[in-house]
Amino acid sequence: MAKSSLVSLSFCCLMVFSSCLVGSDAQGRRPRQAFEHCRFDRINVLEPTRRIRAEAGITEVWDASEEQFRCAGVTFMRRTIEPGGLLLPMLTNAPELVYFLRGRALDGVLLPGCAETYQSIPESRREAEGRRLFDQHQKITRLSQGDVIAFPSGVAHWTYNDGDEPVVIVVLLDTSNSANQLDHDFPKRFYLAGSPQQPEHGVGYHDVRRSGNVFSGFDPELLSQAFGHVDYEIIKKLQCPEDIRGNIVRVGRLSIARPPRSRELEREQQEGSRRESEREREEEWRGRRESESEQERERQRKIEEEERREREEGGRREWEERGRREWEEPGRRERESECRRCSERGQREWYRQEYCAGGRCGNIFEARDSEVEGNICNARLTANIDQPSRADIYNPQAGRLTILNSYKLPILRHLDLSVTKGVLYRNALLAPHWNLDAHSMIYATRGRCQIQIVNDRGRCVFNGVLSAGQVVTVPQNFAVILKAREEGFEWLAFRTSHNPNSEYLAGPGSALTGMPREVIGRAYGLSDRQVGQLKHATQQARLIAPRPYQSPRRDIATQVLEALL
């Protein structure tokens with residue numbers, strides 16, 4: 001009986017231990033399948049295999065079936081968006097890490113449950129009477145060269161090129177992330193608009209088919225009811241049955257509410273609004289003057305001057321103070337609904353908008369916006385890694401490294417991803433190293449470099465040149481070394497860990513300098529003098545500057561002097 005109880009207890013402990021392992025893995029990365037087939041005996045430089053043309057841009061896709069991508073659990077794509085182009089709203093089943101190679105754009109991330117905190121109110125009567133009406137939407141992010149933005153799995157987003165040059169972005173999709181519950185080898189893209197072309201994975205990766213958006217498969221009648229019984233013509237537009245523009249469409253100039261990029265632009269915007277208001281008042285006054293007599297015009301002018309002076313001297317402050325006192329009285333819920341109705345009427349009546357936004361209802365928007373403080377809606381999704389001043393490692397003769405991990409961008413902890421921007425100057429070297437806990441996908445952004453990768457058997461599985469626009473995978477614990485060519489080299493290293501660690505083989509702080517001299521001497525068969533040269537020959541860590549040119553005569557003289565010493 002005691003033996004049976006002991007066996008039962010052991011079994012229960014084993015089950016609890018297994019469930020703990022499963023639970024811990026659910027918060028990290030998904031266990032990669034078929035590890036026995038991921039030997040990485042041969043690594044190749046990869047380029048895009050599919051080029052999909054849309055109306056206002058190009059999407060280039062790497063083959064996700066490549067062994068090094070499947071084993072690392074990632075895939076790549078590159079997009080080019082022409083000026084005035086809009087990447088239609090879309091989402092994927094895997095987290096994305098996007099880097100802006102060139103250009104500037106506006107990016108909207110549709111976070112579930114977050115309020116529409118950006119408001120667009122006509123600044124003048126002319127705008128109110130025209131096409132521009134009151135609008136609210138989620139916040140918009142301004143992105144430019146060197147910016148990184150993170151998209152969690154299943155979060156829809158769109159990108160609009162409002163600049164004068166094409167926008168080029170590189171996208172890493174982490175298909176092995178635990179958030180991906182669909183296809184672990186090929187990413188799936190769900191579009192909210194359009195009928196874009198997508199690679200067909202069922203027959204062959206290189207096949208392309210035209211697909212619909214998420215509205216296309218629903219019954220039009222049910223959709224009409226869901227949107228409040230709107231016209232079927234609107235529902236037909238949503239489903240886009242005959243849209244052949246692709247996933248990047250040309251929209252021209254869009255007027256979207258967004259904060260100015262600087263204080264100077266903010267002041268210019270306010271000054272422009274003031275001038276527009278004065279111009280409108282002047283035009284209105286001129287029209288009245290033409291229809292009135294001279295005496296009537298003079299009387300009206302004095303009345304309007306007096307009213308304007310009263311408003312500037314505190315009339316508006318008294319009006320707002322009276323509105324706040326009324327707000328604090330009982331019946332707040334009724335006044336809140338009245339303010340919402342007032343805001344809706346303001347889309348049709350100009351004076352109602354001014355009354356709602358500046359008087360009794362002004363505090364309603366503040367109360368609503370304060371509810372999003374401190375939650376995911378205010379999470380920072382972007383960071384810039386292109387500015388030299390933000391470098392984490394810098395050598396003025398060799399280059400710089402800028403590391404973006406979860407300490408700098410906390411959202412990366414949820415994605416379990418990170419990225420490093422590297423710059424090597426002419427003929428400079430990145431010391432040999434390995435990644436302790438992550439695969440590294442190196443994307444070349446400019447120039448060329450010689451790269452060597454060594455596996456667990458001490459064999460060089462890749463020895464070649466990596467050029468701009470190409471990708472190579474460095475598996476976990478594989479040693480790698482990079483040397484820039486004459487034109488220099490810049491790259492992005494996407495890693496499958498939110499806070500990866502690297503160990504270097506040479507220079508201060510490396511694995512060799514961390515070992516005692518006796519251990520190094522016995523392990524490599526070196527004399528004490530040779531060990532000293534090995535440990536202290538250079539004080540350059542990680543980024544190694546090229547050796548200055550020396551004449552052969554000086555080299556011989558140096559050798560003789562060293563021999564005498």
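Condition check ((1) out of contact with any Phe, Trp or Tyr (no Cβ under 6 Å at 6 or more places or on another chain); (2) closer than 30 Å to Val471 by Cα; (3) of a type outside the set (Phe, Trp, Tyr); (4) at pLDDT below 90) across all residues:
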residue: His498; (1), (2), (3), (4): yes, yes, yes, no
residue: Ser502; (1), (2), (3), (4): yes, yes, yes, no
residue: Gly507; (1), (2), (3), (4): yes, yes, yes, yes
residue: Met515; (1), (2), (3), (4): yes, no, yes, no
residue: Ile520; (1), (2), (3), (4): yes, no, yes, no
residue: Ala523; (1), (2), (3), (4): yes, no, yes, no
residue: Ser527; (1), (2), (3), (4): yes, no, yes, no
residue: His536; (1), (2), (3), (4): yes, no, yes, yes
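The residue of segment 159-193 that is surrounded by the fewest Cβ atoms within 10 Å (Cβ to Cβ), among those that are assigned to a strand (DSSP E or B) and of a type in the set (Phe, Trp, Tyr), is Phe190.
Being touching a residue at least 60 places away in the same chain (Cβ under 8 Å), outside any strand (DSSP E or B) and open to solvent by 10 Å² or more (accessible area, probe 1.4 Å): is that true of Arg426 here? Quick ask: steps written out before the conclusion?
Details: touching a residue at least 60 places away in the same chain (Cβ under 8 Å): yes; outside any strand (DSSP E or B): yes; open to solvent by 10 Å² or more (accessible area, probe 1.4 Å): yes.
It is true that Arg426 is touching a residue at least 60 places away in the same chain (Cβ under 8 Å), outside any strand (DSSP E or B) and open to solvent by 10 Å² or more (accessible area, probe 1.4 Å).
Consider segment 492-522 and keep the residues that are β-branched (Val, Ile, Thr) and over 34 Å from the mean Cα position of the chain (by Cα). The one that is farthest from Cys449 (Cα to Cα) is Val519. For segment 430-440, a tally of residues being assigned to a strand (DSSP E or B) and surrounded by fewer than 23 Cβ atoms within 10 Å (Cβ to Cβ) returns 5. In the set (1) at pLDDT below 95; (2) crowded, with 21+ Cβ neighbours inside 10 Å; (3) closer than 30 Å to Ile453 by Cα, the condition left unmet by Arg79 is number (1). Restricting Pro83, Pro89, Pro95, Pro48 to those that are under 23 Å from Val214 (Cα atoms), of a type outside the set (Gly, Ala, Ser) and touching an Asp or Glu at 6+ places or on another chain (Cβ under 7 Å) reduces the list to Pro95. Scan segment 297-309 and give yes if some residue there is more than 30 Å from Thr80 (Cβ to Cβ), part of a helix (DSSP H, G or I), at pLDDT below 65 and open to solvent by less than 100 Å² (accessible area, probe 1.4 Å), otherwise no. Within segment 297-309, none of the residues are more than 30 Å from Thr80 (Cβ to Cβ), part of a helix (DSSP H, G or I), at pLDDT below 65 and open to solvent by less than 100 Å² (accessible area, probe 1.4 Å). Here is the figure for segment 503-533: residues that are surrounded by fewer than 18 Cβ atoms within 10 Å (Cβ to Cβ) and touching a residue at least 24 places away in the same chain (Cβ under 8 Å) total 4. Does Gln225 satisfy being open to solvent by 80 Å² or more (accessible area, probe 1.4 Å) and at pLDDT below 80? In short, no.
So which of Gln476, Gln539, Gln470 is open to solvent by 10 Å² or more (accessible area, probe 1.4 Å), within 33 Å of the chain's Cα centre (by Cα) and under 23 Å from Ile393 (Cβ atoms)? Can you show your working first?
Working: Gln539 fails: within 33 Å of the chain's Cα centre (by Cα); Gln470 fails: under 23 Å from Ile393 (Cβ atoms).
Unique residue meeting the criteria: Gln476.
Just one residue in the set Leu417, Leu409 is out of contact with any Phe, Trp or Tyr (no Cβ under 9 Å at 6 or more places or on another chain) and crowded, with 21+ Cβ neighbours inside 10 Å; that residue is Leu409.
Filter segment 542-557 down to residues that are open to solvent by 70 Å² or more (accessible area, probe 1.4 Å), modelled with pLDDT under 90 and in a loop (DSSP other than H, G, I, E, B) and give me whichever is nearest to Asn427 (Cα to Cα). If we take residues in segment 542-557 being open to solvent by 70 Å² or more (accessible area, probe 1.4 Å), modelled with pLDDT under 90 and in a loop (DSSP other than H, G, I, E, B), then Arg547 is nearest to Asn427 (Cα to Cα). Considering the conditions (1) part of a strand (DSSP E or B); (2) on the phi > 0 side of the Ramachandran plot; (3) of a type outside the set (A, V, I, L, M), Gly458 is excluded by exactly one of them, (1).
Across segment 496-531, which residue is nearest to Phe76 (Cα to Cα) among those that are hydroxyl-bearing (Ser, Thr, Tyr) and assigned to a loop (DSSP other than H, G, I, E, B)?
Selected residue: Thr496.
Taken over segment 443-456, the criterion of being open to solvent by less than 10 Å² (accessible area, probe 1.4 Å) and over 17 Å from Leu505 (Cα atoms) is satisfied by Tyr443, Ala444, Cys449.
The values are calculated or read from the model by the stated rules, or taken from the named source; none is laboratory data. All figures in this text were calculated on a predicted structure; none of them were measured in a lab. Reconstructed Cβ throughout: ideal geometry from the backbone, glycine too, with neighbour counts over all protein chains shown. The accessibility values were calculated without ligands, DNA or RNA, using every heavy atom of the protein model including side chains. Shrake-Rupley method; radii C 1.70, N 1.55, O 1.52, S 1.80 Å.
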